[in-house]
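Working notes for the structure below.
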Amino acid sequence: MVGWGYSKTNGPATWASLYPIAGGSHQSPIDIKGSSCPCDSNLTGIQATYQDIRISELSNSGHSWKAQVAGGMSLLKGGPLSDEYVLEQFHCHWGKTNETGSEHTVNGHCYSGELHLVHWNKTKFKSFAEAAAAEGGLAVLGMFLVVGNEHAELGKVCKLLPFIQHKGQAITLTDPVNPAAFLPGSGSYWTYSGSLTTPPCYESVTWIVFEEPIQLSQEQLDAFRAMKSYHPTECCPEDELGGCLVENYRPPCPLFDRVVRSYKDKMEEE
């Protein structure tokens with residue numbers, strides 16, 4: 001049986017048939033209406049206690065590269081969060097060209113990619129698996145990617161991607177990674193209640209999407225696109241993606257009755 005993916009035959013439009021939650025009313029991503037989002041004076045800046053972390057495994061899931069974090073020492077609180085969350089993993093979404101790739105859009109505008117730092121609620125739950133399906137269980141930081149200067153911290157991932165070209169391949173990262181380097185200079189963000197953007201699409205996520213994008217080089221983005229979505233023992237899929245790990249993003253979902261709130265970094269107003 002062919003699992004979920006991003007081609008026409010198994011892509012986002014088909015997910016709800018296998019994962020009913022994917023057809024829910026609190027799904028992600030969304031199109032963020034920029035300046036029309038209300039600025040909430042009760043919101044504060046996020047507090048990320050990040051440090052050099054060990055990546056226990058960098059893998060090709062067939063849907064993206066994923067860096068699994070070891071140790072549970074990188075913590076997130078503040079902003080819209082009332083509990084403390086621990087960093088579990090980070091991964092990326094990108095397009096076939098630089099014109100597409102982000103999952104969230106801003107006033108209909110797509111960025112070249114989107115980096116997700118996935119955290120789980122350690123105040124209320126004992127594990128990521130337990131938190132992932134529960135309301136308030138997860139918090140995800142989303143950073144838009146644009147082509148520009150090389151990103152040194154992402155470079156630690158990029159240089160190992162040739163070793164995990166195919167689905168199911170994995171490698172250990174020897175260099176420590178500092179997730180704080182993934183955060184943009186501005187702390188301004190949008191926040192709303194949503195879901196995982198991949199099946200099973202649990203509606204358990206507090207999203208924090210930063211306004212300011214971060215840069216990576218064209219060569220780094222091309223390294224993402226060189227990855228394959230199939231196992232080395234499998235035949236290359238005969239679909240429009242040709243077995244390339246590209247276009248691995250879900251289009252925006254309806255907002256329905258949700259409100260997207262905005263926080264403006266006070267440092268920018270001084």
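Some values worked out for this structure:
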quantity: Qualifying residue in the stretch 25-34 (condition: at pLDDT below 95 and on the phi < 0 side of the Ramachandran plot); calculated: no
quantity: Test result for residue 49, modelled with pLDDT under 95 and in contact with a strand residue (DSSP E or B) (Cβ under 8 Å, 6 or more places away or on another chain); calculated: yes
quantity: Filter result for the condition that a residue is within 20 Å of the chain's Cα centre (by Cα) and surrounded by fewer than 17 Cβ atoms within 10 Å (Cβ to Cβ), over 229, 195, 217; calculated: 217
quantity: Residue within the stretch 200-207 that is under 21 Å from residue 102 (Cβ atoms), surrounded by 19 or more Cβ atoms within 10 Å (Cβ to Cβ) and among the small types (Gly, Ala, Ser) present; calculated: no
quantity: Test result for residue 47, at negative phi and without any contact (Cβ under 8 Å) to a residue 24 or more places away in the chain; calculated: no
quantity: Flag if residue 71 is of a type in the set (Gly, Ala, Ser) and under 22 Å from residue 188 (Cβ atoms); calculated: no
quantity: Single residue of 155, 185 found to be part of a loop (DSSP other than H, G, I, E, B), small (Gly, Ala, Ser) and out of contact with any Cys (no Cβ under 6 Å at 6 or more places or on another chain); calculated: 185
quantity: Odd one out for residue 89, checked against (1) in contact with a Phe, Trp or Tyr (Cβ under 8 Å, 6 or more places away or on another chain); (2) not in a loop (DSSP other than H, G, I, E, B); calculated: (1)
quantity: Among the candidates 99, 84, residue that is surrounded by fewer than 21 Cβ atoms within 10 Å (Cβ to Cβ), more than 15 Å from the chain's Cα centre (by Cα), modelled with pLDDT of 95 or more and outside any strand (DSSP E or B); calculated: 99
quantity: Qualifying residue in the stretch 58-65 (condition: in contact with a Cys (Cβ under 9 Å, 6 or more places away or on another chain) and touching a residue at least 40 places away in the same chain (Cβ under 8 Å)); calculated: yes
quantity: Top-ranked residue of the stretch 206-237 - restricted to ones that are part of a strand (DSSP E or B) and touching a helix residue (DSSP H, G or I) at 6+ places or on another chain (Cβ under 9 Å), ranked as nearest to residue 262 (Cα to Cα); calculated: 214
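The values are calculated or read from the model by the stated rules, or taken from the named source; none is laboratory data. Being a predicted model, the structure only gives us computed values, none of them experimental. Ideal geometry is used to build each Cβ from the backbone, glycine not excepted, and the neighbour counts take in all protein chains shown.
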